[in-house]
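The values are calculated or read from the model by the stated rules, or taken from the named source; none is laboratory data. None of these values were measured; they are calculated from a predicted model. Cβ placement follows ideal geometry from the backbone for every residue including glycine, while neighbour counts extend to all protein chains displayed.
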Amino acid sequence: MVEWWGMSKNTTPLVIANWKMNPQTIAEAKKTFLAIRTAAKKHSSVSVVVAPPAVFISELSKLSLAGSLTLAGQAMHSAALGAHTGEISPTMLKGLGVQMVIIGHSERRAGYITDQLVADKVAAALKHKLTPIICVGESVRDEQGNFFLTIENQIAACLKVVPAARLKDVVIAYEPIWAIGTGKNASVEQVHEMKLFIIKVLTKLVGRKKAAVVRVVYGGSVKAASATDLYHQTGMHGFLVGGASLVGKEFAGIIQAVATPPRA
């Protein structure tokens, strides 16, 4: 197991299910949610988060959130209210018992979402006591390593709106865009390298001690079969999981991989 430079080894691992625009019915959503709840009960040492489509949050929030299981929003507007057709406000999410929200996912950045808009949403999430899960990632990896600058700029844009006292409430999710929904994984070496780079950037921005409280997770076609090595050999604090989070047995395997101590 690698040394977890950047955070205490006792930090509770975090596994986030991003359902995206799935499933198609509330009945399917409840079934999948209950399967995840069962897995979460078995591994109370892991913080498990489900980010369903917004239309399902109200019904799922009525189900018992056993143990460390919580709900997240997939997206959020920076304004608390107003003429923003089709948008969801932080106060709406908070009112449904949501505790976290995904911000700046690559599928949204591909549209009109800029680094500044991501920063505005991060500030709004913190203002309304929601934990922002800030997505960063490169679309391609060039041999010159210019993609590192992309990651640094994305992190810097967001961190400037985060007060030092709130850094512990921030999660950074590294998702290489070329690995999202493609079935391709970044290698253990690539993920470990990026974890160290992210901590280096955080340290430069806020200092080593403050950087140590920021949780960093990995996302990008994570499966149960790859989760053990990706978790125990990279220093990441958990995962942001897409497609595999819709398959109860597969997602349970990812939770178990994170909960299981590394072999001696």
Matching option when the condition is surrounded by 18 or more Cβ atoms within 10 Å (Cβ to Cβ) and at pLDDT 95 or above, among Phe197, Phe251
Phe251
In the range 158-215, what residues are among the basic types (Lys, Arg) and in contact with a helix residue (DSSP H, G or I) (Cβ under 8 Å, 6 or more places away or on another chain)?
Lys160, Arg166, Lys184, Lys210
Quick check: anything in the range 131-154 over 22 Å from Phe239 (Cα atoms), surrounded by 15 or more Cβ atoms within 10 Å (Cβ to Cβ) and not β-branched (Val, Ile, Thr)?
no
Without any contact (Cβ under 8 Å) to a residue 60 or more places away in the chain, within 20 Å of the chain's Cα centre (by Cα) and surrounded by fewer than 17 Cβ atoms within 10 Å (Cβ to Cβ): does that describe Gly111?
yes
Members of the range 204-229 that are assigned to a loop (DSSP other than H, G, I, E, B), farther than 24 Å from Leu246 by Cβ and either among the charged types (D, E, K, R) or out of contact with any Lys or Arg (no Cβ under 6 Å at 6 or more places or on another chain) (or both):
Gly207, Ala212, Val214
Take Val201 and decide whether it is outside any loop (DSSP other than H, G, I, E, B), among the β-branched types (Val, Ile, Thr) and under 25 Å from Phe147 (Cα atoms).
yes
Would you pick out the residues in the range 155-194 that are among the charged types (D, E, K, R), without any contact (Cβ under 8 Å) to a residue 60 or more places away in the chain and crowded, with 17+ Cβ neighbours inside 10 Å?
Arg166, Asp169
Hey, any hits in the range 134-143 for a residue that's in contact with a Cys (Cβ under 8 Å, 6 or more places away or on another chain) and closer than 24 Å to Glu193 by Cα?
yes
So the check is Cβ under 6 Å with 6+ separation or different chains; which pairs have a first residue in the range 60-83 that's among the aliphatic types (A, V, I, L, M) and a second one that's part of a strand (DSSP E or B) and buried (at least 18 other Cβ atoms within 10 Å of the Cβ)?
Leu69/Val48; Leu71/Val50; Ala72/Val49; Ala72/Ala51; Ala72/Met100; Ala72/Val101; Met76/Val101
Could you tell me how many of the residues in the range 170-190 are within 15 Å of the chain's Cα centre (by Cα) and at pLDDT 95 or above?
5
Any residue in the range 57-79 that is more than 19 Å from the chain's Cα centre (by Cα), closer than 18 Å to Gly248 by Cα and crowded, with 19+ Cβ neighbours inside 10 Å?
yes
Tally, over the range 206-245, of residues that are buried (at least 24 other Cβ atoms within 10 Å of the Cβ), on the phi > 0 side of the Ramachandran plot and at pLDDT 95 or above:
1
Please determine, by comparing only the residues of the range 89-104 that are within 22 Å of Val48 (Cβ to Cβ) and of a type in the set (A, V, I, L, M), which one is surrounded by the most Cβ atoms within 10 Å (Cβ to Cβ).
Ile103
Scan (1) charged (D, E, K, R); (2) assigned to a helix (DSSP H, G or I); (3) modelled with pLDDT under 95 for the single condition Lys31 breaks and write down its number.
(3)
Do we find a residue being buried (at least 17 other Cβ atoms within 10 Å of the Cβ), part of a loop (DSSP other than H, G, I, E, B) and either among the polar types (S, T, N, Q) or touching a residue at least 40 places away in the same chain (Cβ under 8 Å) (or both) anywhere in the range 45-54?
yes
